[in-house]
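Taken together, the values in this text are just the output of simple stated rules run on the coordinates, not laboratory data. Here the structure is a predicted model, which is why all the values come from computation and not from measurement. A quick note on method: Cβ atoms are made from the backbone with ideal geometry, for glycine too, and the neighbour counts reach across all protein chains shown.
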Amino acid sequence: MDTNANDMSIMAHLMRRAGFTATRMELEAYISDGYESTVEKLLFPGEPENMPDDMIRRYHVDQSEMRQIEGAGAYWLYRMITTKNPLEEKIALFWHGLFATGYAKLNQARVLLNQIDMFRRFGLGSFKTMLIELSKDPAMIIWLDNNDNHKGAINENYGRELLELFSMGIGNYSENDVKECARAFTGWTLKNAEYMAVRAGKDSIWPYGRIAWQYQYREEDHDNGIKTFLGRTGNFNGQDIVGMIVEEIATARFLSTRLFQYFAADEITDDSELIISSMMDSYFESQYQVSAMLRTLFNSDYFKSEKCMYARIKGPVESVVGTARLAGSYRKPTLDVHKLWFQTFFMGQGLLAPPTVEGWHEGTEWIDSGALVERINFAANEFGDVNKPGVKYIIDRLSRQYNGSIKPESLVDGCLDLIGPIKVEDLTRESLIEFVSSYNDTSLLIGDINSIGAKCVAQTLGLIASTREYQLA
Amino acid sequence: MTIIKKNSSSYLKTIGIANNGFNGRGFQNPYSIVVNHDKKIFVLNRCDPARRTAIRIGVFNLEEDYLYEFGQGYGTENGQFVWPVAMAFDTQGRLLITDEHNNRVTIFSTEGEYLTKWGTTGTKSGQFDGPSGIAVDHEGVVYISDQRNHRIQKYSEDGDFIGQWGSFGANKNQFNYPWGICVDIDANVFVADWRNDRIQKFNGDGEYLSTIGCSGDAQGQFIRPSAVSVDSIGNIYVADWGNERVQIFDNTGNFTDELRGEATLSKWAEDFLESNPDEKETRDISDLTPDIPDHLNTPYHISSQTEPFFWGPVSIYLDADDNLYVVESNRHRIQIYQK
């Protein structure tokens, strides 16, 4: 592989992990900036750039009101598809999987999106700040019942999950720590908690639709007694508990491992242990900054090596968003965009609807026969339409390169290059060439997207989307 | 939180309740309102995707009696809608309804009988790309905001093309996704130039007369104004959609007042709470005008948490007595102000 091709391959790899895949034009712009500079821009993206809210709200009443899940999910998908700051959305999706909060219990889509926005604002910053904001998040408060956690009558649900699922992991704290943690978070509730809990429980939209929630601290309901947590004793409040949690090595390992599995590889090997260890060092050296941990990962030789490439199975949301971005779909308000949310659901990752507080089981568990068929059909429909801007772009680019007759091998290699680049097994490439060879005429003429050759390109892209390699990140 | 109450129009009442869409009283994403000479009030329910088969026009009166409803459902067939936007009566008392997805105007009788439709998709004269606001002058000339063609078109009541003006841009006589439109008693045409954050005034021939507003959230400024209406003495009312408020200007365009909304329980809402005492009891001890944390301190988020405030004021209407009707898509209700 020559230097340019290698650069393209590594940049495409970075954008599959730190984003949702990138188009060829985007990749060329990133390469011109350089790898490490691109990493920095991903980590510190500045103001969000995506389809403006006013355009979304004008056409989609459901995405203005945010009454139900499919509209809220579609709104987030619009952002993922059109963002110019892909890591901002990718990290929000990471936290959504880790701090899994679901619509089914809340019956409140607006506050779920407010939580996602909180993930955007703090997702690449301090893990300590993130855990404090999470503890104040109204959706999380209802999801894990902290509104029922009262002085003298604790509900330990949030306190337990904070330790077990959100930070240290089981085996690193005692049952007494759970109780003391819960005591420290008494009084952390939401405004109008009683009314909002009744409405959530009944899925009431009456009289005038949903009323969004906000955090409230009730001093009179907070347990101000002495507590002992992780061996330390004092009159701890929630912030103090978080302060002690983030100092733990177990927390650094937990977070580093989860980030590694999300951004680098599904499986942990000896090689990955070294990177995880470096990420833990970055965690402590930076005072718990997620951006520092990801910088260490993305700039490592391991991340850029063959070992790390195609080492993850794309999640359903990554698959849907990546395909839509490549095809150039949903760049403007589109009727039935809510059906995109249903696609993620049918593929096993309904946005804003994780199955439990543990989130989704990832890796190979993403793939079963039904989910795979959904993925392939979705991608084939997207790429099979020569009028989609992204498909049109690939046809145009190949037309300009060949303008006229094009050999099946060149057409296949061109498609594999422009949809990725993706490196497939020899047998897969031969099958694709055989498919293209079945066309009598694959000529491509500049400006003609209705030729048989153009349709062959679209069909080939759809077939590539059904390959094992396309389903890997 | 202090609710602004310096209204030259005084709050009268709220009508509405969220409806799951399929029939009966209540609204589902109301988008437009008109009142006929019988004082029957017609509300267009745009409906979200989950309830779109129930797209319809609901009819009621000021006493909150729900009278009847009509429509032929979601779709592209005659009498059906996909993304309906606005309504207006023509001089024959027929109800004209725009659809920004089907690119046409559909006409119903006030009794709900489908009469006809006109309009095709395109960029040529007489074609639409997203017809939104609609207004009819006293001579039966129909004005339509052709939003994605960034122009205003004039038609006869039977759909014969008469003329057009405007192009894309931010200069005088240009538009950026125009939405609401109205005609005053002097036959001047006012356009809510949505993405230019201003109201433009023209004569009926499309000659530019003046502009009100610019981008911002101060008095006299707008964020994406969606509708405009003019009362019998020339006061101008603007649905300042992005700022979740209504602003009022005198007949020379000087700011005079703003409304943020002060909804109370409608009769239908009271009926609901009476039969759901658990919600009523907890509601009674709640503060529905809470202070808002800094990161949510935008008009949209404030309105999402402050039930009395306008949330999604997509259109406004002035009846023959200059009563003001504010249509809130996100709250499924109408707030009414008395002159």
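If you wrap the tightest convex hull around every Cα atom of region A:237-318 and split its volume per residue, you get 104 Å³.
Within region A:43-137, list the trypsin sites (Lys or Arg not before Pro) lying in a DSSP loop whose Cβ has at most 10 other Cβ atoms in a 10 Å radius. Within region A:43-137, no trypsin sites (Lys or Arg not before Pro) qualify (loop, at most 10 other Cβ atoms within 10 Å).
Shape summary: the protein assembly as shown maps onto an equivalent ellipsoid whose semi-axes, from the alpha-carbon gyration tensor, are 47, 38, 21 Å in decreasing order. Under 16 Å of direct C-alpha separation, and excluding same-chain neighbours fewer than eight residues apart, B:K172 reaches these aspartates and glutamates: B:D193, B:D197, B:D205, B:E207. For B:T256, the amide hydrogen comes within under 5 Å of the amide hydrogens of B:I248, B:F249, B:D250, counting only partners 5 or more places away or on other chains and with H modelled in the peptide plane.
Taking θ as phi - 60° and the Karplus parameters 6.51, -1.76 and 1.60, the scalar couplings of region A:173-182 work out to 7, 9, 4, 5, 4, 4, 5, 5, 4, 4 Hz in sequence order, x denoting glycine and proline.
Pairs exceeding 23 Å between alpha-carbon atoms, taken from A:K136/A:K179; A:K332/A:K388; A:K179/A:K202; A:K105/A:K227; A:K41/A:K304: A:K179/A:K202; A:K105/A:K227.
Centre-to-centre, using Cα atoms only, region B:272-339 and region A:68-92 are separated by 28 Å.
Counting only GluC sites (Glu not before Pro) that DSSP places in a loop and that have at most 14 other Cβ atoms within 10 Å, the longest clean stretch of chain A runs over A:50-246. Sequentially through region B:158-168, phi angles give Karplus couplings (6.51, -1.76, 1.60; θ = phi - 60°) of 9, x, 7, 5, 10, x, 7, 8, x, 7, 6 Hz, Gly and Pro residues having no value and appearing as x.
Think of region B:189-339 as a dipole: +1 on every Lys or Arg Cβ, -1 on every Asp or Glu Cβ, centred on the Cα centre; then among B:A227, B:N203, B:N254, B:N203 lies furthest on the positive end. For q values of 0.10 Å⁻¹, compute log₁₀ I(q)/I(0) with the Debye formula on a Cα-only model of region A:316-471, without solvent. Log10 I(q)/I(0), no solvent term: -0.38. Taking 0.36 nm per residue of separation and subtracting the Cα-Cα distance, full extension of the segment from B:N78 to B:Q92 would add 3.0 nm. Rounded to 0.05, the FRET efficiency of the A:E434 and A:E362 pair, given R0 = 41 Å and the Cβ-Cβ distance, is 0.75. Listed by chain and number, the aspartates and glutamates placed with their C-alpha closer than 13 angstrom to that of B:K40 are B:E63, B:E64, B:D65, B:E69, B:E111, B:D319; residues fewer than eight positions away on the same chain are left out. Only lysines eight or more places from B:K39 in sequence, or on another chain, were considered; those with a Cα closer than 22 Å are B:K13, B:K267, B:K339. Only DSSP H runs of four or more residues enter the estimate; each adds -39500 (n - 2.57), and after division by the residues of chain A the mean residue ellipticity at 222 nm equals -17500 deg cm²/dmol. For B:A227, nonlocal amide neighbours, meaning residues 5 or more places apart or on other chains whose placed amide H falls under 5 Å from its own, are B:G180, B:A239, B:W241. The residues neighbouring B:G206, those whose beta-carbon lies less than 10 Å from its own, together hold a net charge of 0 under the Lys/Arg +1, Asp/Glu -1 convention.
The relative contact order of region B:63-200 comes to 14 percent, based on Cα pairs under 8 Å that sit 6 or more residues apart.
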